[in-house]
Amino acid sequence: MTMKLARACAIALATCTLASAWKEPVSLFPSVVSEGQPKGEIKNVSGIEIYHAYPDHRSKTNSSNAILFVSDIFGVPLLQNKLLADSFARAGYLTVIPDLFAGDAIPGDIPEAQLNLTAWFPNHQPENVEPIIEKTIEYLRGELGIQTIGAVGYCFGGRYVARFLAEGKGIDFGFTAHPSRLSNAEIAQIVKPISIAAGQLDATFNITQRYDADRLLTSNNVTYEHTLYSGAPHGFGVRVNANIPRQKYAKQSAYIQALKWFDFWL
């Protein structure tokens, strides 16, 4: 039995017995890494700092598929982002996180009251960010010989997953959790398969925006899925209060949602 098939069976079983799965997890039931030290490495590629998370069972350079992790505003420095990339690597996928902000990511420990995103965002618009993503795709396909690329994006990165699922942009399919600053015009350009994980309490991707996304994706006959997690705030796919069961569940389940999507399309 292949790893993907075994994991699919485990996921199906866990879905049927979800209440008990948290207390007595199936051995193959995938879990997101939330604690510990990152296992990957940062390499400079054409002037871009890229975090590489490698699967244990495959060569670092012998892979035909990979996951491009498009991060939130906290970028590569955030521990949770690197651990999440490690989680996808542990599931068998080479995963890379490019530094989208050229060293200007928002510090993960900055108090919310001190955030000045009004001054930060103008320096990190599509004309600044997309060339970094394009170079990373070129690196994956060229130097590493990757044939199929799936993209995963959280918050800020979710918008760019959507943009790179337009025709001819270089990504084969994508997953996003709690995307921010995503316009209907950008959703309307999506032609590749997309999986969306949304939070009920997320004001940046609210009920109206979720409805519009469903309407546009359906009318354009895009292959997609859209899951809503109750009690989940913005950012739940990366950072949650582990003492709140619904938040902990939402993060774990969003990871499984992404992994199932990757297992099918990669």
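A few remarks follow.
- Of all residues in segment 222-240, those that are free of Cβ contacts under 8 Å to residues at least 12 places away in the same chain have Cβ atoms under 7 Å from Cβ atoms of residues that are surrounded by fewer than 19 Cβ atoms within 10 Å (Cβ to Cβ), 6 or more apart or on another chain, in Val240/Lys248.
Every residue, every condition in (1) farther than 23 Å from Val45 by Cβ; (2) within 19 Å of the chain's Cα centre (by Cα); (3) crowded, with 18+ Cβ neighbours inside 10 Å, yes or no:
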position	(1), (2), (3)
Gly142	no, no, no
Gly174	no, yes, yes
Pro179	yes, yes, yes
Ile194	yes, yes, yes
Gln200	yes, yes, no
Thr208	yes, no, no
Ser219	yes, no, no
Thr223	yes, yes, no
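- Any pair with Cβ under 8 angstrom, 6 or more apart, that starts in segment 88-100 at a residue that is more than 21 Å from Lys251 (Cβ to Cβ) and ends at one that is modelled with pLDDT under 95 and among the charged types (D, E, K, R): Leu94/Arg58; Leu94/Lys60
- For segment 83-92, a residue qualifies if it is among the charged types (D, E, K, R) and in contact with a Phe, Trp or Tyr (Cβ under 6 Å, 6 or more places away or on another chain), but none of them does.
- Selection from segment 34-75 of residues that are in a loop (DSSP other than H, G, I, E, B), surrounded by fewer than 23 Cβ atoms within 10 Å (Cβ to Cβ) and touching a strand residue (DSSP E or B) at 6+ places or on another chain (Cβ under 8 Å): Pro38, Lys39, Gly40, Tyr54, Pro55, Arg58, Lys60, Ser63, Ser64
- Segment 144-212 holds strands (runs of 3 or more DSSP E) entirely within its bounds, and those carrying 2 or more residues that are aliphatic (A, V, I, L, M) and in contact (Cβ under 8 Å) with a residue 24 or more places away in the chain map to 148-154, 194-199.
- The one condition from (1) at pLDDT 95 or above; (2) within 17 Å of the chain's Cα centre (by Cα); (3) of a type outside the set (Phe, Trp, Tyr) that Asn44 does not meet is (2).
- Matching entry among Ala105, Ala162 (being buried (at least 21 other Cβ atoms within 10 Å of the Cβ) and over 21 Å from Gly40 (Cβ atoms)): Ala162
- Selection from segment 144-172 of residues that are of a type in the set (Gly, Ala, Ser) and under 18 Å from the mean Cα position of the chain (by Cα): Gly150, Ala151, Gly153, Gly157, Gly158, Ala162, Ala166, Gly170
- Phe236 in a loop (DSSP other than H, G, I, E, B) and either under 14 Å from the mean Cα position of the chain (by Cα) or modelled with pLDDT under 95 (or both): yes
- Residue-level analysis places Ser71 among those that are under 20 Å from Ile256 (Cα atoms), at pLDDT 95 or above and of a type in the set (Ser, Thr, Tyr).
- Of everything listed in (1) in the same structural domain as Gly92 (by TED's automatic domain parsing); (2) at pLDDT below 95, the single unmet condition for His52 is (2).
Residues checked against (1) in a helix (DSSP H, G or I); (2) in contact with a Gly (Cβ under 7 Å, 6 or more places away or on another chain):
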| position | (1), (2) |
| --- | --- |
| Val32 | no, no |
| Lys82 | yes, yes |
| Ser87 | yes, no |
| Val96 | no, no |
| Leu100 | no, yes |
| Asp109 | no, no |
| Pro122 | yes, no |
| Glu127 | yes, no |
| Glu130 | yes, no |
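- One residue alone among Ala91, Ala66, Ala102 is in contact with a helix residue (DSSP H, G or I) (Cβ under 8 Å, 6 or more places away or on another chain) and on the phi > 0 side of the Ramachandran plot, and that residue is Ala102.
The values are calculated or read from the model by the stated rules, or taken from the named source; none is laboratory data. Because the structure is predicted, anything quoted here is derived from the model rather than measured. When we count neighbours, we look across all protein chains shown, and the Cβ atoms used for this are built from the backbone with ideal geometry, even at glycine.
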